[in-house]
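Read through the structure below, which is laid out as structure tokens, and then see the notes.
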Protein chains: 2
Amino acid sequence: MYRSHSCGELRESHINQGVTLSGWVAKTRDKGFVVWIDLRDRDGITQLVFDADRTAPKLLEQARNLGREFVIQIKGTVIERASKNDNIPTGQIEILVEKLLVLNESKTPPFTIENETDGGEDLRMKYRYLDIRRNPVKNNLIFRSKVAMEVRKYLSEQEFIEVETPYLIKSTPEGARDFVVPSRMNEGQFYALPQSPQTFKQLLMVGGLDKYFQIVKCFRDEDLRADRQPEFTQIDCEMAFVEQEDILNTFEGLTKHLLKTIKDIDVANFPRMTYDEAMATYGNDKPDIRFGMEFGEMNEVTQHKEFKVFNDAELVVGIAVPGANTYTRKEIDKLIDWVKRPQVGALGMIYCRYNDDGSFKSSVDKFYNQEDLAKWADATGAKPGDLICILSGVTNKVRGQLSALRMELATRLGLRKNTEFAPLWVIDFPLLELDEETGHYHAMHHPFTSPKPGQLELLETDPGAVRANAYDLVLNGNEIGGGSIRIHDKETQATMFKHLGFTPEEAKAQFGFLMDAFQYGAPPHGGIAFGLDRLVAILGGQETIRDFIAFPKNNSGRDVMIDAPAAIDDAQLKELSLKLDIKKHEPRTLDQ
Amino acid sequence: MYRSHSCGELRESHINQGVTLSGWVAKTRDKGFVVWIDLRDRDGITQLVFDADRTAPKLLEQARNLGREFVIQIKGTVIERASKNDNIPTGQIEILVEKLLVLNESKTPPFTIENETDGGEDLRMKYRYLDIRRNPVKNNLIFRSKVAMEVRKYLSEQEFIEVETPYLIKSTPEGARDFVVPSRMNEGQFYALPQSPQTFKQLLMVGGLDKYFQIVKCFRDEDLRADRQPEFTQIDCEMAFVEQEDILNTFEGLTKHLLKTIKDIDVANFPRMTYDEAMATYGNDKPDIRFGMEFGEMNEVTQHKEFKVFNDAELVVGIAVPGANTYTRKEIDKLIDWVKRPQVGALGMIYCRYNDDGSFKSSVDKFYNQEDLAKWADATGAKPGDLICILSGVTNKVRGQLSALRMELATRLGLRKNTEFAPLWVIDFPLLELDEETGHYHAMHHPFTSPKPGQLELLETDPGAVRANAYDLVLNGNEIGGGSIRIHDKETQATMFKHLGFTPEEAKAQFGFLMDAFQYGAPPHGGIAFGLDRLVAILGGQETIRDFIAFPKNNSGRDVMIDAPAAIDDAQLKELSLKLDIKKHEPRTLDQ
């Protein structure tokens, strides 16, 4: 038996007990006559003490020679600490060590195993097993496990059944790029790894399994943006015989359960907002509603004067930034530079200070008088002390720009508090979205989403106007879940594929099994999927999903710890009936 | 709202209530003046009634025209059934229908959706979504979900943390064949899908995460034997600072919890048997101990006479088959044919009847007298009424042959009861096993398994004699779990790789990250993995894992429902820097 207790377990009530502990040497303080060691395991830290009075000289010497991260086992007696430490649960006691065994030595780690480490991202990833010993990473992984377990408990209690769907499925050109897996037994053919279990969960509904969920890995071979992973985890759910209302209620229940059990936070019923409303009010379909700064549309109160910039704009829209009339001219100029960066793309910004005395001072006083500006304040809900920031241009673009500014200012003003949770349903999404480059319509959610009742005909005349029974759950400015009521009859599904540019042959080749299934008594059904990585990060009050994944990949899709992907040998390729076809056009550097 | 109740919910207490139900038309009985319909959903079946007295003619007509598997919604009143059915929970009531809405029609299914279907395996797999509507399959999937949830509950209560390890890892030539995944972003390189998260869970232990588990898909590109799947599910577990005893106790606890919560069965502490003992007593390292017929070694009581077959044999070994002395000569001849089949491979079988009067009659009475035969009975534990079956030959082979005979006879005698559960730990496995073809040693468990303390040196002189701290959990003749205490220092791991035929360079290229990790304070650790598919099947009292997998693949690794794997288009191949290299040597038939 390696231990009688964990390193986080001993308290004053254990004083005088003999104990055995095992763990890592986290820190040694050597005062000559006395040596203290912090012994660490998953549960915490316990202080060991060796001193010239009470410890055999050989043992004291042994303690003195322990290096950082050595793995040791000790036997000793729990004693009261002379100087107590109220910051850690074991801070009232220490162990007077009687016996010490080195279980394994350690080389000096490449970075310090402490909450704030000196290791950069690359080093931490290469030695992820050491990084995981650090409290912030370890606690994130424990936190993730707890969230997943609470999801399972809640859904099981609601009579959901977890069903495992296959990982080796069929490649479909729709949506993002698939990872493919060559089949040795079926020469020249490939499996694909699922981007989501979408069609399988729908088949489970056709199969009468009704309330399904699964916490499942999904795969997308995309060029990785920051904080995207080629493999990610979904909480995937589907229900039969449901309307949108049933799904919203069920998963609002789940989210409340998580906030309660994980964060001990009670939240009221989630507000609901249509997609159109969200775009008009926040310029964004995943608005952060922890703070205000709602958009005020200002065409009426700006386009009656000689200011050409506003008069030419499709939309003039502003926000009132609370307490920001103290910004200096220089600070405001910087803000203007910020919105003009290519990532945001505004051409400029008009502003107006709402002075504490009730008067206004704008950057366009030449065109607008105090009475005009008072109407601007009305439109944006500004109060004395605020700064009104106004952008103008093409509606879609200017909304996005003002949304970016709103988020940036909220961050600067400390309004995005990571202890506050403001969930929101965004509903009535458009069924289709226009790809401006190709001029083609894409499914905004996915091709299995049902148009709202009675809107199928609109697909012919005004595809962009068709709304879907599709909904997103938004938390603190992030989409944490999204879903829809599905199509459940073959004809509608065929119509949908046609409008997405599939020939009947293509539709049959790729989704024939689903359309066949719809002919054998498919029930009405719908569902939702949550991104677990993101959900856990947000509940954990953080932004980066990578810190909540045990072994993440870098932006080139590499696992730098195990050095994957890697070349495979020719025999393996041959068995798979494949040949490499390396492009010769670019010289490659060593680290590519 | 599609329903107020499920189809399994209504009882006598609901009589006179108005209800709304939705489900599938399972069966229609049309007696002219009255039509009964069995309405089915996941929860059960409720009988609907329409009759000429109480039902509007149009509605009665509508009911009459419903086809099998139509999806309908009805509103009606719960009434008492005239002729009650005690076989189903809703058998006391029926619904007098007032309103009926067809939600979706159905073509006639290709097989009947009943417990005993007329659909063959192929048809059932092609229309798996219909197969899942059948109670046996549906209940298996629900059962699986319940088992997985109980596993998670138990391990979470024991402070295990579920950590997701990556699916896109690195290919290693050790063990079975990997499925590989070409990386588009890393030209000419491949990920591999994990055969198990073995190295990652060990790294989690090095990372101080201590008690880890995960229910996880694993992948092996093997030529599929019956009842093997290219993707399968493991309950994967690892603990730090443990000895074998800690692991056996923890997972004996888990198994008892499952038997109790899932089957309401209390089992005593699991017996333990060494590998050597299991091989000597049952000829098998996963013995079914629900019944006796233990091996009696008979060299001493057979090799003193002139019977050359026995005298030449390395091992003469027999079993006493209970009550089988009534087998006719013809039946015994058939048994002899059975053991001579190439799948078993025995050269013949000697038998001896233990008559009810205490006398013996053997097939070799020419050589052995009654006194000799009485000793045979002693050696095999035979009683009057039994039949002693004896095989002889090379030890390893004859044990396997007699084990096959023992299992076959037990099946014929009905001794393998699927309501009885007899778990058993088999311990002290050999570290290495000799590949008779190549003359090389392989790791019996895997290359990370630790030899027993003090046996490392034996690797040089007598590799086959080295025993490992490796253990299997056996249930009803199936290995349901297996694990070991791992190596946790670089030198031992390097020695191990050397003995398995790795050059130091190969070892470093493939497992360098693990050996590096061992240098930074790796704790002693060990673990176990259970095959969830098999575990669930056995707990469910069945043998075939396929019936417990929602969407299994066939023996060619194909999903015949979605028709995967499939060809991918040239653009996709090009992006992956791959070319097909189809072998031309064999003409292929259309359905390959």
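Candidates A:175, B:360, A:465 compared by Cα position along the dipole of the protein assembly as shown: farthest toward the positive end lies B:360, with charges placed on Cβ. Annotation for residue B:122 and residue B:51: the two label points, set 7 Å from Cα along the Cα-Cβ direction, are 4.7 nm apart. The string of couplings for segment B:235-244 from the Karplus curve (6.51, -1.76, 1.60, θ = phi - 60°) is 8, 9, 9, 8, 9, 9, 6, 10, 10, 3 Hz, one whole number per residue in order, with x for Gly and Pro. Restricting to segment B:12-104, compute how many DSSP beta bridges are antiparallel as a %, nearest 5. Just about 95 percent of them are antiparallel.
Peptide B:519-528 shows a mean partner chain C-beta count of 6 within 10 Å per residue C-beta.
Per residue, how much accessible surface does segment B:318-419 expose to a 1.4 Å probe? Answer in Å², no decimals. Walk me through the intermediate numbers first.
Values: 5070 Å² over 102 residues.
Ligands and nucleic acids excluded, the figure is 50 Å² per residue.
Between the Cα long axis of helix B:490-499 and the first principal axis of chain B there is an angle of about 80°, rounded to the nearest 10.
Counting from the shortest, the label point at residue A:563, 7 Å from Cα toward Cβ, is 4.4 nm from the same position in each remaining copy.
What value, in deg cm²/dmol to 500, does the helix sum -39500 (n - 2.57) over DSSP H runs of n ≥ 4 give at 222 nm once divided by the residues of chain A?
Details: 17 runs with 169 residues, N = 592.
Helices in chain A give a 222 nm mean residue ellipticity of -8500 deg cm²/dmol.
Bridgeable lysines around residue B:58 (alpha carbons under 18 Å apart, same-chain partners fewer than 8 residues away excluded): B:31, B:75, B:99. When the Karplus curve 6.51 cos²θ - 1.76 cosθ + 1.60 is applied with θ = phi - 60°, which whole-Hz ³J(HN,Hα) does each residue of segment A:414-427 get, with x for Gly and Pro? Result, rounded to whole Hz: x, 8, 9, 6, 7, 9, 10, 10, 10, x, 7, 8, 9, 10.
So what is the relative contact order for chain A, in percent, with contacts set as C-alpha pairs under 8 Å and at least six apart?
Working: 1075 pairs, mean separation 73.2, N = 592.
Relative contact order of chain A: 12 percent.
Considering only Cα-Cα distances, which of the following residue pairs are longer than 26 Å: A:217/B:256; A:263/A:286; A:452/B:138; A:84/B:211; A:170/A:498; A:107/A:217? Each step should come with its number before you reach the end.
Details: A:217/B:256 30 Å; A:263/A:286 22 Å; A:452/B:138 32 Å; A:84/B:211 30 Å; A:170/A:498 21 Å; A:107/A:217 35 Å.
Listed pairs above 26 Å: A:217/B:256; A:452/B:138; A:84/B:211; A:107/A:217.
Close amide-amide hydrogen proximity is noted between residue B:564 and B:559, each under 5 Å apart and 5 or more residues distant or on a separate chain (H modeled in the peptide plane; Pro and chain starts excluded).
Spacing of the modelled spin labels on residue A:276 and residue B:272, each 7 Å from Cα toward Cβ, amounts to 7.2 nm.
Against the main long axis of the alpha-carbon atoms of chain B, helix B:329-340 sits at an angle near 80°. Annotation: amide H-H contacts under 5 Å for residue B:544 (H modelled 1.01 Å from N, sequence separation of 5 or more, or interchain): none. Look at the stretch A:154-165: the mean tally of other chain Cβ atoms within 10 Å of its residues' Cβ atoms is 5.
Give me the mean projected area, in nm² to one decimal, of the convex hull enclosing the Cα positions of segment A:177-265. Write down the numbers at each step before the final one.
Numbers: hull surface 35.5 nm².
Projected area, direction-averaged: 8.9 nm².
In the protein assembly as shown, what percent of the accessible surface is made up of carbon and sulfur (1.4 Å probe, ligands and nucleic acids excluded)? Roughly 48 percent, rounded to a whole number.
Placing unit charges on the Cβ atoms only, positive for Lys and Arg and negative for Asp and Glu, gives segment A:417-526 a dipole magnitude near 380 debye about its Cα centre.
Taking a quarter of the surface of the Cα convex hull of chain B gives a mean projected area of 37.4 nm².
From the Kirkwood radius over Cα pairs of segment B:291-412, Stokes-Einstein at 20 °C and 1.002 mPa s returns a whole-number translational diffusion coefficient of 152 µm²/s.
Annotated for segment B:291-412: lysine pairs at least 8 residues apart or interchain, Cα distance under 18 Å, count 11. A label point on residue A:135, set 7 Å along the Cα-to-Cβ line, lies at 5.7 nm from each of its counterparts in the other copies, closest listed first. Relative to the longest principal axis of the Cα atoms of chain A, the long axis of helix A:504-517 lies at roughly 60 degrees. When chains B and A come together, the accessible area they lose, probed at 1.4 Å and totalled over both chains, is close to 11300 Å². Label points for residue B:294 are taken 7 Å from Cα along Cα→Cβ. From this copy to the others they lie 8.1 nm apart, shortest first.
Using R0 = 45 Å, the C-beta based FRET efficiency linking residue B:359 and residue A:139 works out to 0.05. For residue A:487, nonlocal amide neighbours, meaning residues 5 or more places apart or on other chains whose placed amide H falls under 5 Å from its own, are A:449, A:450. Across segment A:135-145, computed HN-Hα scalar couplings (Karplus, 6.51 cos²θ - 1.76 cosθ + 1.60, θ = phi - 60°) run 3, x, 6, 4, 5, 4, 5, 5, 4, 4, 4 Hz from first to last residue, x flagging Gly and Pro.
Using only atoms on other chains, find how many Cβ atoms lie within 10 Å of each Cβ of peptide B:549-559 and report the average.
Details: counts 4, 11, 11, 1, 3, 0, 1, 3, 7, 6, 6.
Per residue, the average neighbour count from other chains is 5.
Annotation: peptides A:501-508, A:370-377, ranked by per-residue average of other Cβ atoms within 10 Å with the highest first, follow the order A:370-377, A:501-508. Residues of segment B:1-27 that bury at least 30 Å² of accessible area once all protein chains are present, compared with their chain alone (1.4 Å probe, heavy atoms only, ligands and nucleic acids left out), are B:1, B:2, B:3, B:24.
Rolling a 1.4 Å sphere over the protein heavy atoms, what is the accessible area per residue of segment B:20-141, to the nearest Å²?
Here the residues of segment B:20-141 average 45 Å² of exposed surface.
Computed over the alpha-carbon atoms, segment A:446-592 gives an Rg to Rh ratio of 1.11, Rh here being the Kirkwood radius from the mean inverse distance. About its Cα centre, the protein assembly as shown has a charge dipole of approximately 440 debye under the convention of +1 per Lys or Arg Cβ and -1 per Asp or Glu Cβ, with nothing else charged.
From the convex hull of the Cα coordinates of the protein assembly as shown, what is the mean projected area in square nanometres? Don't skip to the answer; put the middle values down first.
Details: hull surface 245.9 nm².
Computing the convex hull of the Cα atoms and averaging its projections yields 61.5 nm².
Rounded to 0.05, the FRET efficiency of the residue A:503 and residue A:436 pair, given R0 = 25 Å and the Cβ-Cβ distance, is 0.55. Here each label is just a point 7 Å from Cα along the line to Cβ, and for residue A:81 and residue A:418 those points are 2.6 nm apart. For a test of the definition: using alpha carbon positions, the gyration tensor, and the 1.5 limit on a/c, classify segment A:12-104 as rounded, prolate or oblate. Note, shape of segment A:12-104 comes out rounded.
Which whole number of Å³ per residue matches the convex hull of the alpha-carbon atoms in segment B:110-164? Walk me through the numbers on the way to the answer.
Numbers: hull volume 4.8 nm³, N = 55.
Dividing the Cα hull volume of segment B:110-164 by its residues yields 87 Å³.
The values are calculated or read from the model by the stated rules, or taken from the named source; none is laboratory data. Computed from a predicted structure; not experimentally measured. As a convention, Cβ positions derive from the backbone with ideal geometry for all residues, glycine included, and neighbour counts pool all protein chains shown. For accessibility, only protein heavy atoms count, side chains too; no ligands or nucleic acids. Shrake-Rupley method; radii C 1.70, N 1.55, O 1.52, S 1.80 Å.
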